[in-house]
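Following: one structure in structure tokens, then a few remarks.
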């Protein structure tokens, strides 16, 4: 499968994203890096294999499977249950730490995406305004049926847009609470 070469703009964008990722990666604290490593290990096949071996040996030792070895945690293995419970507490904590880090990264990327989208919207609006100016200068008649062009050439008021989205969301929630579908 051969793919077409990327444009220089696409390559610059990829490099910019890689630099942001590297900067975010480098800003992690020691605790965050350790938490990420631990959560990654807990989610690996090595972790499962290690536990299978440890549990098998533990049970074998404590059911008298090895002659001459005294049991230290007889069935139903209360000490093993305690160890697994403590391990679960730490595992949960590391996973939550990792999720918090991922959430911060997602929030960062969300803000960046919003900024880029707003910039793109402003650029498109300015381009439409310039195109309209060129058409007026060349005394070209615009189609009377295309009112969308005039609307789209207006600057989007972000605060008003957010208010309208919230009104629609509240209206949809109210409809759902009353048992009717918002659609």
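None of the figures in this text is laboratory data; all of them are computed from the coordinates on show. Bear in mind that the values here come from a model prediction, so they are computed numbers and not experimental data. Note: ideal-geometry Cβ built from the backbone for every residue, glycine included; neighbour counts use all protein chains shown.
In whole percent, what relative contact order does the chain give with Cα contacts below 8 Å and a gap of six or more residues? Present the calculation step by step, with values, prior to reporting the outcome.
Working: 58 pairs, mean separation 28.2, N = 183.
Once divided by the residue count of the chain, the mean separation gives 15 percent.
Under a point spin-label approximation (7 Å from Cα along Cα-to-Cβ), what is the residue 133-residue 41 distance to one decimal in nm?
6.2 nm
Given the rule -39500 (n - 2.57) for each run of at least 4 DSSP H residues, summed and divided by the residues of the chain, what is its mean residue ellipticity at 222 nm, to the nearest 500 deg cm²/dmol?
For the chain, the value works out to -26000 deg cm²/dmol.
Rounding to the nearest 10 and keeping the result within 0 to 90°, find how far the Cα-based axis of helix 158-177 lies from the longest principal axis of the chain.
Once rounded, the angle reads 60 degrees.
What's the angle, to the nearest 10 degrees (0 to 90), between helix 8-26's Cα axis and the longest principal axis of the chain?
Relative to the chain, helix 8-26 is tipped by roughly 40 degrees.
Pop the C-beta distance of residue 60 and residue 88 into the FRET formula with R0 = 22 Å and round what comes out to the nearest 0.05.
0.45
Working from Cα positions, state the angle (0 to 90°, nearest 10) between the long axis of helix 78-137 and the longest principal axis of the chain.
Approximately 10 degrees, to the nearest 10.
So, by mean Cβ neighbours within 10 angstrom, what's the order for 24-30, 95-101 with the highest one leading?
95-101, 24-30
How high is the FRET efficiency between residue 173 and residue 109 when r is their beta carbon distance and R₀ equals 30 Å, given to the nearest 0.05?
Computed FRET efficiency for residue 173 and residue 109 comes out at 0.65.
Only one of the values (i) 10.1; (ii) 15.0; (iii) 23.6 was calculated from this structure for mean projected area of the Cα convex hull in nm²; name its label.
Given (i) 10.1; (ii) 15.0; (iii) 23.6, the calculated one carries the label (iii).
So how much slack lies between residue 52 and residue 160, counting 0.36 nm per residue of separation and subtracting their Cα-Cα distance, in nm?
Taking residue 52 through residue 160 to full extension adds about 33.1 nm, to one decimal.
So, in Å, what gap is there between the alpha-carbon centers of the stretch 34-70 and the stretch 77-146?
What the calculation gives is 41 Å, centre to centre.
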